């Protein structure tokens with residue numbers, strides 16, 4: 001009886017011990033198990049949705065109109081072609097003509113150059129677009145944007161887009177406090193800035209920086225145009241404080 005109990009106790013202890021049989025996995029099986037574990041870990045990790053900005057970094061606050069911009073650009077290019085044709089083709093023809101006096105060729109040259117110079121003089125300060133540069137914390141809420149434009153900081157910047165002689169857009173970046181109200185070129189220019197420091201840093205082949213700007217008509221594109229109205233009010237307010245305005249041509 002004692003021997004039977006001892007044998008049964010040994011048998012129960014053997015069944016309680018875990019039996020581990022070592023075996024080797026292939027390389028493909030190991031990669032499959034690792035890939036599955038990575039997928040399970042990524043699926044259980046919390047997902048944070050990306051917060052999309054409502055407003056871009058460069059916010060369009062003024063637009064002169066597509067029709068006016070296209071017309072002025074076409075007019076500039078057309079007058080350049082006309083001046084080239086008059087000076088390069090018609091003027092030599094009249095100059096070498098035996099039955100025409102020499103002064104006729106001079107009139108032909110002036111007939112091509114004067115319209116081109118007039119168009120360039122009138123349209124060079126024309127502003128196509130104005131973009132307000134926004135800090136990151138303002139781009140998430142229209143309410144924060146309104147507060148920002150109502151109380152513009154001293155380092156607030158804008159990008160003013162005009163056209164060069166050939167109708168190509170050119171962008172001038174400046175602080176709002178650098179702009180001043182003015183009345184130049186028979187009312188065609190209503191905003192100016194001091195470009196003395198900017199021109200000293202520019203290379204000679206880049207030409208002079210744009211100093212005169214003409215903002216006429218058009219409309220604001222944000223919050224019913226209030227953003228551009230706030231910028232205008234800030235410029236006028238700065239001028240009323242006695243800030244020096246350089247109105248020399």
Is there a residue being within 24 Å of residue 225 (Cβ to Cβ), surrounded by 12 or more Cβ atoms within 10 Å (Cβ to Cβ), in contact with a helix residue (DSSP H, G or I) (Cβ under 6 Å, 6 or more places away or on another chain) and free of Cβ contacts under 8 Å to residues at least 60 places away in the same chain anywhere in the stretch 183-193?
yes
Within the stretch 134-151, is even one residue in a strand (DSSP E or B), touching a residue at least 40 places away in the same chain (Cβ under 8 Å) and surrounded by 12 or more Cβ atoms within 10 Å (Cβ to Cβ)?
no
Would you pick out the residues in the stretch 197-207 that are loosely packed, with under 10 Cβ neighbours inside 10 Å and farther than 19 Å from residue 157 by Cβ?
200, 203, 204, 205, 206
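Does residue 173 fit the bill of being in contact (Cβ under 8 Å) with a residue 60 or more places away in the chain, in contact with a strand residue (DSSP E or B) (Cβ under 8 Å, 6 or more places away or on another chain) and either in the same structural domain as residue 80 (by TED's automatic domain parsing) or surrounded by fewer than 17 Cβ atoms within 10 Å (Cβ to Cβ) (or both)?
When the stated conditions are applied, residue 173 does not pass them.
Conditions tested, residue by residue: (1) modelled with pLDDT under 90; (2) surrounded by 11 or more Cβ atoms within 10 Å (Cβ to Cβ); (3) outside the structural domain of residue 146 (by TED's automatic domain parsing).
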position: 27; (1), (2), (3): yes, no, yes
position: 32; (1), (2), (3): yes, yes, yes
position: 45; (1), (2), (3): yes, no, yes
position: 51; (1), (2), (3): yes, no, yes
position: 57; (1), (2), (3): no, yes, yes
position: 86; (1), (2), (3): no, yes, yes
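The values are calculated or read from the model by the stated rules, or taken from the named source; none is laboratory data. Since the structure is predicted, the reported quantities are computational estimates derived from the model, not experimental observations. Don't worry about glycine lacking a Cβ; one is built from the backbone with ideal geometry, like all the others, and counts go over all protein chains shown.
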